[in-house]
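Here the structure is laid out as structure tokens; the discussion comes afterwards.
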Amino acid sequence: MSHPLTTTPGRPPGRPHDGPLLTVSGVTKSFAGVHALRGVDFTLEPGSVHALVGENGAGKSTFIKVLTGVHAADAGEVRFLGDPVAFSRPADAQDAGISTIYQEINLVPLLTVAQNIYLGREPRRFGLVDTRALNRQAAELVQRLGIEVDVRAELGSLGLGVQQMVALARAVSIDARVVIMDEPTSSLEVREVETLFGVARTLAASGVGLVFVSHRLDELWALCDTVTVLRDGRAVHTGPMADLERVKLVALMLGREVSDVRAEGTTDFGASHAQGDAPLLSVSGVDVPNRLRGVGLTARPGEVVGLGGLLGSGRSETLKAIYGDLTTTAADVEVGGTKVKAGSVSRSLRAGIALLSEDRKAEGIVPDMSVRDNIALAVLPKMARGGMVSDARIDALVDTFMRRLQIKASSPRQKVRELSGGNQQKVLIARWLATEPRVFLLDEPTRGIDVGAKREVQGLIDELADQGLAVVLVSSEMDELVEGSDRVVVLHDGAVSGELDGDRLTSAELLRVLAGGIPDEHPTGPPPGPGTGANAVGTHPTTPGGDHRG
Amino acid sequence: MAEHTATAAGTAPAPPPAAPPGEAATTSRRRPDGEWFRRNGVYLGLVALVLVNLAITPNFASTGSLRLQMVQVAPIIVVSLGMAMVIGTGGIDLSVGAVMAMTAAVIPLYIGYGTLGAIAVGLIAGVLSGALAGSVVARIGVQPIIATLAIMVGLRGLANIVGGQIKSIRDPGFRELGSGDLFGVPWVVLVAIVVAVLVWVLMSRTTFGRQLMAIGGNARASQLAGLPVKRVLTTVYVLSGLLAALAGVLLVGRNQASDPATLGRLVELTAITAVVVGGTPLTGGQVRVLGTVAGALLMQLITYTLVAQDITNSVAQMVQAVIVVLAVYAQVGTRKRRRSRA
């Protein structure tokens, strides 16, 4: 990398510094008597990509917030470039050279890519923003990073993956020595993740240190060279990433014995399910202009059918079309041999179809309503007589599901927004189970929830299938799709491109079908050298409105 | 979660409450914070103002004075309750004042059909206006503020054309409604009480109320959960139109006259104020019925207190403005803190 990656005028591309970028020793932090961090040690070397993993509540967020000046540590020391630092607010950390990229993109959708990258630091001419210089600098920057994007495009019109990379470019342009990436990939697709990793590697090769947080375990081996595992506020393990076995990592995160985990596998799915013969759900010829072309699939009672595909392949659209939430030009959906009229959610619900949507916040929870009211939401008319709701009936229903799904809330009256992601997801699953579905469409059911809740949800999917439901599962996680499904239907560009079952249902095979001829690159393989970043697959800006995830 | 607790530690340096460690869940109920103030501030204000008046305003507790206050505030309460339901869906209804004027305009025209007949026609006018607003909002997807702004302007004009000049109404039925009473309670006040009870039942006990609040809390999620979003939205605006028309009827009875040009002018703003001061968040998702009633009473009492102290109505309006800003500040403050916890 001969180019300096930083473009702030007048600032050298980082002071020369030997030794670690960050040295954290004995950091402790507690809130109202509850220990969030207990003596954490952590070292970040230049050019390193350091994974920070742990279950929700392990202290990852608190740790990052201590590094970036959101919280002050109660005890312990943070050294940045050798000097002790105590940032009092995130802007100070950023000025010093510690940038953070969050899962939810903190950029302005209505501004262009270039404007976002230099927001607040625009090049000026005669006191006005020099748009040409702005666009030129931005174009140079994204090109060096290997991001294919028109810097004059409005950010909101681009796919989430590109937006995430723009956030990264912004971090880089601020002359960052340390970039903290807090679950940057949780809303990205496989291909986008690869590009993001390419950019990250380019950065690392230039001497920047990266801290990487992800719930997707595969990604850790693909990107990181070092790993620190947090559990209950303690750093329980630090070492080279490649030396750490996957089961061992899960064991460290959960605090269980390796033998236990091995026996159970890393996902919580059991063997395949008893299946009926006749399909319970039968879908064919689903057409949605510009999205789906003649998609069809079947699911028998007790069968979990996986739906695989890359960004824009139409997985979520397929589920939404089946559920009647998407206007179709043609669609034939049958449940138990009875045709369901398309384009009406309430008719689909009555026919016994339920959809757990991917976006828990926007399409799932009603945040300010109680756990109880959220669970009862879809069945309110059933819980009422003459329009008057029966609280006794609702309470009985809610009580049943809270126990069955082990929803952890202080009471059924607690507001849903106060629950953890995993428990919110369980509330939503309860909402749909209350409708007594025969067909359950699950769109990324374990996205963004901690490992423990993930296993519970996976176990629940098995249980539901065993009870005779037909389940259609969309997951971006290879393991989940392969281990959780009895059969996987693969979508490509809005049409079915293949199907895997039996012995052919393996990660390697699935990857080959997904890649569609591109030589397979196993995600759990060793991290490629720093030079490969330049070869990263470019992500093309999608057309406005076309940024729905597959 | 952790930061949530941190906020608690930051604002209340008292020893940590005996909540189980790690369960930050119960924090919101621990301390009187912005949320608590938003919910209950209106009652505090009301009690304080009553006490102040008992101390400084002569004859405040007299029957005549109380009766006058209640009769004046009753129509406001009725309109505000409709407004509260609309705001509960995340919308707003600027047309209520114009609906009142329209009702007032049609009553003299149909007074020949008897008191009840004229009232029925007036209420139908409100329902039709509400149905129009609701359809435009729910089915075409026009923003509520725009849809009802158009109706506010247009309907006021139509009311002037239909009703024309101020007309006095010499109908014994309307006179009884405006100035009569039942066991000493004015009819106007009785109507407001009944409406408040009905709206409370509707919001807290019925499927419709739960669905309304769910839609206000997350419309997209409600739609995916199979809720009849369009029907509920349309119905809410119809109810708001109906209640506005009812308030118009009450005012015509009280004034013994119909003046479409001035009746109900700026009532929409008074109603929004009562709702917001009463603790219903403008973002939707909740409807605070008792709070709205208290909010209307509070605003009425502020005006009364100042006027009783020989302070002009103009100053009273400025004081009301301050109250509104405080109420909205309490809401915004709560939301900000909530966001910082996330």
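Structure data summary
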item	result
Dipole magnitude of region A:469-519 about its Cα centre (Cβ charges: Lys, Arg +1; Asp, Glu -1), debye to nearest 20	180
Mean separation of Cα contacts under 8 Å, 6 or more apart, over the residue count of chain B: relative contact order %	31
Length-normalised contact order of region A:301-443 in % [C-alpha pairs under 8 Å, at least 6 apart]	28
Sequence-separation-based contact order of region A:28-95, relative, with Cα cut under 8 Å and 6+ spacing, percent	28
Options A:SER214, B:GLN309, A:MET478, ranked by Cα towards positive dipole end of the protein assembly as shown, top entry (Cβ charges)	B:GLN309
Kyte-Doolittle mean at least 0.5, axial Cα span of 24 Å or more - DSSP H helices of chain B	B:34-56, B:63-88, B:114-135, B:144-163, B:187-205, B:229-255, B:289-308
Selection from A:GLN164, B:VAL197, A:THR328, by position along the positive dipole direction of the protein assembly as shown (Cβ)	B:VAL197
Under 22 Å from the Cα of A:LYS248 - lysines, other chains or at least 8 residues apart	A:LYS60, A:LYS454
Chain B - Rg (one decimal) and Dmax (whole number), Cα, Å	21.5, 72
Among the listed pairs A:LYS320/A:LYS415; A:LYS29/A:LYS65; A:LYS339/A:LYS382, those beyond 18 Å (Cα-Cα)	A:LYS320/A:LYS415; A:LYS339/A:LYS382
Simple Cβ-charge dipole of the protein assembly as shown, Lys/Arg +1 and Asp/Glu -1, about Cα centre, in debye nearest 20	3240
Inter-site label distance for B:ILE140 and B:ARG175 at 7 Å from Cα along Cβ, in nm	4.5
Point-to-point label distance, A:LEU110-A:THR329, nm (Cα→Cβ direction, 7 Å offset)	3.4
Centroid-to-centroid separation of region B:80-143 and region A:171-247 [C-alpha atoms, Å]	59
Efficiency of FRET from Cβ geometry, A:THR238 and A:ASP74, R₀ 30 Å, rounded to 0.05	0.90
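Rule-based calculations on the coordinates, nothing more; no lab input. Note that the coordinates shown come from a computational prediction; the quantities given were computed from them, not determined experimentally. Methodologically, a virtual Cβ is constructed for each residue, glycine included, from the backbone with ideal geometry; neighbour enumeration extends over all protein chains shown.
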